[in-house]
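Reading through the structure tokens given below for one structure.
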Amino acid sequence: GKWEVPIPKVKPVADDEMFKVMRTGSKRNKAWKRVVTKCTFVGDGFTRKAPKYERFIRPTGLRMKKANVTHPELKTTFQLDILGVKKNPSSSLYTNLGVMTKGTIIEVNVSELGLVTTSGKVAWGKMAQVTNNPELDGCVNAVLLV
């Protein structure tokens, strides 16, 4: 990327660690559904597919809306809304699913911080890198990329 990332290398997460096989059908012999076992971000306008057609299930208990973001120069932490998952270094599939693991680049809403761009406009969305394992801590901690 174009930033100096706080955590340059992360251990990739394997598919069998990321997903749990959900067996369906009357005799539990169909095994094409997967339950995501890590924290995810799901947008506000998201509606699930009908259960019959849903391949990847993202549990509501593991969905995150806010992140504790530390500003590296100000050395202060703010709780900001997550706007989206930009890049998960483990896999592009995890990026599309919105899975947040350690090292993931997320976009956060910094409008209430009052940061100003060089042209004088108020900055709205900025990138941050997740620094913890959210599924172990129950919260998302990140460092703002400036």
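The values are calculated or read from the model by the stated rules, or taken from the named source; none is laboratory data. Keep in mind that what you see is a predicted model, and the values were worked out from it rather than measured. Don't worry about glycine lacking a Cβ; one is built from the backbone with ideal geometry, like all the others, and counts go over all protein chains shown. Surface areas here come from the heavy atoms of the whole protein model, side chains and all, with no ligands, DNA or RNA. Shrake-Rupley method; radii C 1.70, N 1.55, O 1.52, S 1.80 Å.
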Worksheet item: Restricting the search to the stretch 46-97, which residues are among the hydroxyl-bearing types (Ser, Thr, Tyr), within 15 Å of residue 36 (Cα to Cα) and either assigned to a loop (DSSP other than H, G, I, E, B) or more than 15 Å from the chain's Cα centre (by Cα) (or both)?
Response: 90, 91
Item to complete: Can you tell me which residue within the stretch 30-45, out of those that are part of a loop (DSSP other than H, G, I, E, B) and in contact (Cβ under 8 Å) with a residue 60 or more places away in the chain, is surrounded by the most Cβ atoms within 10 Å (Cβ to Cβ)?
Response: 39
Practice prompt. Residues being open to solvent by 60 Å² or more (accessible area, probe 1.4 Å) and closer than 17 Å to residue 7 by Cα: count how many of those fall in the stretch 76-109.
Written response: 4
Worksheet item: Among the residues of the stretch 128-146, how many are open to solvent by 20 Å² or more (accessible area, probe 1.4 Å) and either under 13 Å from residue 7 (Cβ atoms) or free of Cβ contacts under 8 Å to residues at least 12 places away in the same chain (or both)?
Response: 7
Response to the item:
Residue set 27, 2; condition open to solvent by 60 Å² or more (accessible area, probe 1.4 Å), assigned to a loop (DSSP other than H, G, I, E, B) and modelled with pLDDT of 95 or more; output residue 27
